[in-house]
Amino acid sequence: MGLMYTTVIGYAIVLGIAALFTMHFLGKALDSSDAERVDPKPDVK
């Protein structure tokens, strides 16, 4: 029973670290401030 809990908790920790790692690098690569510079917002509708 303890092995099952350890496996599930370990798997959740590994998934969490992978998610944080991915979001950290995607957050750097997909900088939202670049959007205004590349495609400026029009002044009139």
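Nothing in this text is a laboratory measurement; each read-out follows from the coordinates by a stated rule. Just so we're clear, the structure is a prediction, and the values are computed from it rather than from any experiment. FYI the Cβ positions are ideal-geometry reconstructions off the backbone, even for glycines, and counts take in every protein chain you see.
Things worth noting here:
- Gained length - Lys28 relative to Met4, 0.36 nm times residue gap less alpha-carbon distance: 5.0 nm
- Here r is the Cβ-Cβ distance between Leu20 and Val44 and R0 is 25 Å; the resulting FRET efficiency, rounded to 0.05, is 0.05.
- Whole-Hz ³J(HN,Hα) from phi, Karplus 6.51 cos²θ - 1.76 cosθ + 1.60, for the range 4-11, glycine and proline x: 5, 5, 5, 5, 5, 5, x, 5
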